[in-house]
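Structure first, commentary second.
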Amino acid sequence: MVPLGRPLADGSTYYTTYSPKYNDKLKFWKTGITQQNDASLSAGDDKSTYFVSFQNVNRSGVVPKDTYSRNTFRFNGSRQYGIFKIGYRLTYGLTHQDRTSDAGGVYNEWMNTPMQVPLTQLANWQNYKFAGATGYYNDFFLNPYYDLDQNRMVTNQQDFLGNLELSLQPTKWLNLLGRAGLNSQTYQEQDNTLPLLFDPTIANVNKYLYQNGSGNTPPAVANNNTNTKRINTDFLATFSKDFSEDFHAKLILGNNIFDDYTSATNINSGNLLYLNPVIYNIAYRNGNIAGNVFEQRYRKIGLYGDLALTYKYLSVHGSYRNDWTSLLNINNRSFSYPEVDAAFVFTDAFPSLKEGGILTFGKITGSLAKVGNVSLNPYQLQNPFSASSPYYTNGPSPVLYLGQSAIQQSIKPEFTSAKEMTLELGFWEGKLNFKTAYYQTNTTNQTVSFQVSNSAGYSNALINTGEMLNRGLEFDLNYTPISTNSGFKWTIGANFTELITNTPLSIYTGPTGDKLNQINVLDNGGNTTNSWAVVGQQYPVVKAIDYLRDKATGKVIVDPVTGLPSQDPTPKIMGQANPKHRLGLNTSVSFKGLSLSVLLDYRSGNVIYNQMGQNLIFGGIDYNSAQAGRQRFVFPNSVYSTDGGHTYVPNTNITINDGNYNFWQNIYYNVTSNFVTSGAFWKLREVNLSYQLPKSILGNLKFIKAIRTSLVGRNLLMWRPDSNKWTDPEFSSDTSNGAGTTNVNQTPPTRTYGFVIAFTF
Amino acid sequence: MKNKTIHFFWMLACLFLAGSCNSFLDINTNPNQPTVLGAPDYVLTGAIVASGQIQSVDLASFSGYWAGYWAASGSYSQAGDLTRNYNLTYNWLPYGVNVTFAGTEPNQQLQVWALLYNNASNYHYAETLAKSLKGYDYYVAIAKIMRVWCFHSLVDVYGNVPYSSTFKGLGNLEPTYDNAQTIYQNLSLQLDSAVSIIQNAPATAVAVKANTDVIFGGNMSSWTSLANTMNLRLLLRQSQVASSQTLITQELAKMVANGGGFLGAGQDALIQPGYTKIQDLQNPFWENNGFSAASAIGGRDYNRVCNFSLNFFVNNNDPRADYLFRMPGDNPGVNSKFTGNVGPYIGIDFGEPGITATETARTSGFGIGVLGGPSQSLPFITAAESLFLQAEAAQRGWISGSAQNFYQTGIAESFRYLGVPNPAAAAATYYGQALANVNWGASSGNLIQAIITQKWAAMTSIDCMEAWCDFRRLGIPSVPLSIDPSVTSPVSPVRVLYPLTEYANNATAVNAQGTINQFTSKIFWQN
């Protein structure tokens, strides 16, 4: 037995064995369970239909104590009156969540738990002296169990969706449709923070947290009420005509109006009274209430036409749309975009190709499409002054600060022009199907926010970028080797996607003609490893801080006295964030009601920045930091210079002057290229086993029409390269510009198992 | 036909909206936050408040250590504190900073580079707006003076920095670096210009509101003195630079001509926007080194008293010790010396690794003269500093007046500022002792050393940056090296490295400055 942490003031010390306790660490996380119960009823006759359903979902999270429940009621119906038809859909949902508001902190505290700690024995922080804030062994981190209780977020959400549809069919070839939808959401959130109180009778005065880190902190509460109202109306006129048995035409003219309104009220106090129990109401506080109100509105109007013509084996389709948005200045508000595509079933045009029964289906499709989009938030074209905190607004001197965004006022919609060709082939009456597609998209005016030098007067800029080129190839192959009359069927399939290029061709030209060829598109929380857009490089590309290296050999330069490497301040390109190659393999076997399917996935050609590695280095619990046993060592593959950098000689004997903090924490930690690894993986993505009970068994049960059961497992196995010791690269912190980064503000990756039983009455 | 149909639907859409479509879409004006301002007041005040925070907290967070005033509490893991072993990284942030800069993302601690440029851009905005308004001459002058402070601080920390091509937004996203000496030259001209604007303002000029000018309450003759004092500071920085001597002579003549004088006895430039014991409204030095508004310590005791500083006061029988330091175990804002605790004060050698003897409870924190409470005014430039600047200038023969007189008044002003009772008499007793660097006569062998030493004493925890600049310029006082075992350099840093954000976002410009080394790449005014 060894002591864990400092002795307490009452003389007691917590002891444990100095041996790893893997299960304790694993058991901290719970098996998340989702229970979903559905019941539905549908009925109708030739004039009207009704559908009523109820869904109840209860979910407990991977993070202990996280719960989620949702109840949804739906009522749909329709009724026909001659040439009129009326349809309606009503949905009402109630969602309740109770979860930690500090998942990242809990994850970090858990990671910083050494292996010998019997963590699960420290769950009862309220009553067990060594688990409470005062007696917990760790000087620097709170007990994650305490943290879970300290920071709670409780939310209640009501969703109401109403949809009314009126259609009129005056003649066979004309249909007029009007539709109005309302989506109203009420969201209430309350964040409660327990006080942090140290017990002076047992506190070791030297404990960092007790004496310094946070000290006692009062209880806190924050309330957020948000209301959202979204109205969506459509008007469509559909003209369809069959000119002959082989020639069909359909024209749709439509109008869409969208209105989105959000208002929110936030109030909080970080200094509630120390009542026992704490009353989480800002009325019981010291000091000021902080808060703000907020509202925003966004509107869009669209007008479009869509024409489809089909003649036997040839179909041609075209559309044209004009949008007007409230998000842009009046001159850029209106924008239009067309699309045309055509498909040709050549096995129908030339039936001789089907002779011999090998090639039975062949289709070639081509499309040219332009799509316009505005990716801005309401009011984002303005750079508001901030009064971020209640800075003296209650004192004698009101203050405001200049906003930090340099904004291009002439922001235009972004346009994506896509060209795509697809070839589909079917052999032996569908036994083997093959599909391939090649696409090229050119995106212009992409709206991007990026970091700029503070000396420009701002910390970021919002602009339309130049042009981006994206090219790719897709292959899809499905084969059914066995399909018998007795009901036995085996299929195998593969799909492969190759991202040939996704490259900015130009980024930004300033008013004086100066060109920006690379921009830092993601401010990764002040971190030094970010996603970039660089002309000629795949987008987004991950750049990181590397060691200073000898240009000739690429070896790391160390100091001839201390043996320590140093940072190269210029961020270096590490690789692309999006996978270049994607491969999916699937197979399924079915026999009568029983079926088994398996899905395997592969990704490669990309890198991932494992920010978690830095947290582990900080805690001294990373695999890498233990490799040298905390001893001094010769930095591998290093060189040094004794003539001021003119020549470099290989370093074989100068050891780093400190194998502890001063290397691992002060240098290794800051060289973020150490945490960028291949993002490749193979995954057993999904296995699904399902069984439909044969009718014969149900024969006697007249009211049950079918029973289906299935077992499903997702994310079951994963294989990664040795260099990625950290985590699932698919757990990217963000799917947009943040692609390529994982961090601890995410719960750990999960493996999912499911069981479904469905009755049809 | 198709056109007509579209027109019909369009009409229908607009009817539905019951108004013109443009007014239906003209809703993109932010109703939540101000986006245009009619007057520079609020921004100017915000910028002054921010400057106070940057000087007292962010600049002090390293200069407080390197000027010999502070050492880190042993209650903390100091492993990542690169301030103490000088092995700065490009993304180095000094430890012991608890407050975040108002007006930026919460919890985002920024390097002083970003803070100072951000601050200067606010002054730039205030000046530009004031210039566009009729009669806002005084506002223009205040913004100019304060902007000079931002840029001279930037130069003092980083050397060559972007200056002439800054704040153009999308017009220039990659500002090039200007020569530090050229910047300094221009800063003096800016101060001359500010004085001239004040002195030549029309009678109809808008008076600066008392609660906008949180330093002098709108008193423009005080601003003239502050501008001259700051200019004298800039010129003295260049005392060792031969090529600056012409500028110095010219500027001194201009100051004589404008007659605005320097900040004199009793004329402290203090920032007081209404600091009070409410979250985010506290005096930032207190917020960082005292208590939070909710009375939590929370890391605010990281900065402790350094032995080098403590010994100077204690060994010279200086009563200011009771106002600069507090007894081990005392809470911020309290010194139990006054309630019978005989002490002693206990300091820490800078760089001492965290051991029991250096823990917070066993060592002295800052005293009630500098860390008085949450609503204390924040010193920007004290009268004591102005007098020591004048003492040095007089000693160098730059200005008229008795250097000895300036020197002794400077000491008395420091006593007064810190709250020593009967400051003039107490100071006279103090400098009456026949001690070198205390007594004028006893220091006759090296009077510059005495002046700078006493200036250093008067700047303790008040303007650490000014003291660190004097140390780098003249080597006075002889601040010892950090005793941290991982120190590998025989000298302390002469500057700070440019931040990573520049290498990332303004690469061409920063790389044109060549390789920067914190021990050898000196600021132009350094000896």
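The values are calculated or read from the model by the stated rules, or taken from the named source; none is laboratory data. Values in this document were obtained by computation on a predicted structure and should not be read as measured data. We place every Cβ from the backbone using ideal geometry, glycine too, and count neighbours over all the protein chains shown.
Report whether or not B:Arg495 is in contact with a Ser or Thr (Cβ under 8 Å, 6 or more places away or on another chain) and farther than 16 Å from B:Trp70 by Cα. Against the criterion (in contact with a Ser or Thr (Cβ under 8 Å, 6 or more places away or on another chain) and farther than 16 Å from B:Trp70 by Cα), B:Arg495 qualifies.
The set of residues in the stretch A:456-466 that are in a strand (DSSP E or B), farther than 13 Å from A:Lys412 by Cβ and either away from chain B (no Cβ under 14 Å) or aliphatic (A, V, I, L, M) (or both) contains only A:Ala461. Taken over the stretch A:234-272, residues that are within 11 Å of another protein chain (Cβ to nearest Cβ) and assigned to a loop (DSSP other than H, G, I, E, B) amount to 2. The test for being more than 14 Å from chain A (Cβ to nearest Cβ), farther than 23 Å from B:Thr382 by Cα and either touching a residue at least 40 places away in the same chain (Cβ under 8 Å) or in contact with a Pro (Cβ under 6 Å, 6 or more places away or on another chain) (or both) holds for B:Ser243. Any residue at all in the stretch B:181-193 that is within 14 Å of chain A (Cβ to nearest Cβ) and either at pLDDT 95 or above or in a helix (DSSP H, G or I) (or both)? Yes, there is a match, as at least one residue in the stretch B:181-193 is within 14 Å of chain A (Cβ to nearest Cβ) and either at pLDDT 95 or above or in a helix (DSSP H, G or I) (or both).
Restricted to the stretch A:436-464, and to residues that are of a type in the set (S, T, N, Q) and buried (at least 23 other Cβ atoms within 10 Å of the Cβ), which residue is nearest to A:Gly536 (Cα to Cα)? The qualifying residue nearest to A:Gly536 (Cα to Cα) is A:Ser453.
Of the residues making up the stretch A:529-546, those that are surrounded by fewer than 22 Cβ atoms within 10 Å (Cβ to Cβ) and either facing chain B (nearest Cβ under 10 Å) or part of a strand (DSSP E or B) (or both) number 3.
Selection within the stretch A:335-350: residues that are assigned to a helix (DSSP H, G or I) and hydrophobic (A, V, I, L, M, F, W, C). The member of this set that is nearest to A:Gly362 (Cα to Cα) is A:Phe346. Considering A:Leu477, A:Leu469, A:Leu423, the condition of being closer than 30 Å to A:Ala343 by Cα and over 30 Å from the mean Cα position of the chain (by Cα) is satisfied by A:Leu423 alone. None of A:Ser453, A:Ser506, A:Ser459 is closer than 30 Å to B:Leu93 by Cα and either in contact with a Leu (Cβ under 6 Å, 6 or more places away or on another chain) or touching a residue at least 12 places away in the same chain (Cβ under 8 Å) (or both) except A:Ser459.
Could you tell me whether A:Arg299 is closer than 26 Å to A:Thr447 by Cβ and in contact (Cβ under 8 Å) with a residue 24 or more places away in the chain? Judged against the criteria, A:Arg299 is a match. Condition test on B:Leu110, is it within 12 Å of chain A (Cβ to nearest Cβ) and surrounded by fewer than 22 Cβ atoms within 10 Å (Cβ to Cβ)? For B:Leu110, the condition - within 12 Å of chain A (Cβ to nearest Cβ) and surrounded by fewer than 22 Cβ atoms within 10 Å (Cβ to Cβ) - is not met. On the given criteria, is A:Pro114 in contact with a helix residue (DSSP H, G or I) (Cβ under 8 Å, 6 or more places away or on another chain) and either part of a loop (DSSP other than H, G, I, E, B) or not hydroxyl-bearing (Ser, Thr, Tyr) (or both)? So A:Pro114 does not fit the description; no.
Residue count for the stretch A:551-586 satisfying the condition of being within 12 Å of chain B (Cβ to nearest Cβ), among the aliphatic types (A, V, I, L, M) and in contact with a helix residue (DSSP H, G or I) (Cβ under 8 Å, 6 or more places away or on another chain): 1.
Looking across the stretch A:395-425, just one residue is touching a strand residue (DSSP E or B) at 6+ places or on another chain (Cβ under 8 Å), facing chain B (nearest Cβ under 7 Å) and among the polar types (S, T, N, Q), and that is A:Gln408.
Across the stretch B:35-67, the qualifying residues are those that are outside any helix (DSSP H, G or I) and within 14 Å of another protein chain (Cβ to nearest Cβ), and the one among them that is nearest to the chain's Cα centre (by Cα) is B:Pro40. Across the stretch A:23-51, the qualifying residues are those that are of a type in the set (A, V, I, L, M) and farther than 17 Å from A:Ala758 by Cα, and the one among them that is surrounded by the most Cβ atoms within 10 Å (Cβ to Cβ) is A:Ile33. Has the stretch A:673-681 got at least one residue that is assigned to a loop (DSSP other than H, G, I, E, B) and buried (at least 19 other Cβ atoms within 10 Å of the Cβ)? The answer is yes; a qualifying residue exists. For B:Val43, state whether it is under 25 Å from B:Gly329 (Cα atoms) and among the β-branched types (Val, Ile, Thr). It is false that B:Val43 is under 25 Å from B:Gly329 (Cα atoms) and among the β-branched types (Val, Ile, Thr). Among the candidates A:Asn460, A:Asn454, the residue that is out of contact with any strand residue (DSSP E or B) (no Cβ under 8 Å at 6 or more places or on another chain), within 30 Å of B:Asn122 (Cα to Cα) and of a type outside the set (Lys, Arg) is uniquely A:Asn454. Restricting attention to the stretch B:324-369, which residues are under 18 Å from B:Ala72 (Cβ atoms), away from chain A (no Cβ under 14 Å) and among the β-branched types (Val, Ile, Thr)? Result: B:Ile346, B:Ile348.
A count restricted to the stretch B:309-340 and to residues that are free of Cβ contacts under 8 Å to residues at least 12 places away in the same chain and assigned to a loop (DSSP other than H, G, I, E, B) stands at 1.
Hey, could you check the stretch B:464-495 for residues that are more than 20 Å from B:Asn87 (Cα to Cα) and within 16 Å of the chain's Cα centre (by Cα) and say which is surrounded by the most Cβ atoms within 10 Å (Cβ to Cβ)? The residue in question is B:Ala467. Taking B:Phe338, is it under 26 Å from the mean Cα position of the chain (by Cα) and hydrophobic (A, V, I, L, M, F, W, C)? When the stated conditions are applied, B:Phe338 does not pass them.
Take the conditions of a type in the set (Ser, Thr, Tyr), crowded, with 16+ Cβ neighbours inside 10 Å and at pLDDT below 90 and apply them to A:Tyr107. Does it pass? The answer is yes for A:Tyr107. Step by step: first the residues of the stretch A:273-296, then only those that are among the polar types (S, T, N, Q) and within 11 Å of chain B (Cβ to nearest Cβ), then the one that is surrounded by the fewest Cβ atoms within 10 Å (Cβ to Cβ). Which residue is that? By that ranking, first place goes to A:Asn292. Annotation: of all residues in the stretch A:297-334 being away from every other protein chain (no Cβ under 13 Å) and assigned to a loop (DSSP other than H, G, I, E, B), the one that is nearest to A:Ala369 (Cα to Cα) is A:Tyr313. For B:Leu187, the conditions (1) surrounded by fewer than 21 Cβ atoms within 10 Å (Cβ to Cβ); (2) among the hydrophobic types (A, V, I, L, M, F, W, C); (3) free of Cβ contacts under 8 Å to residues at least 60 places away in the same chain are fulfilled apart from (1).
Taken together, the residues in the stretch B:131-172 that are out of contact with any Asp or Glu (no Cβ under 8 Å at 6 or more places or on another chain), farther than 16 Å from B:Asn119 by Cβ and hydrophobic (A, V, I, L, M, F, W, C) amount to 3.
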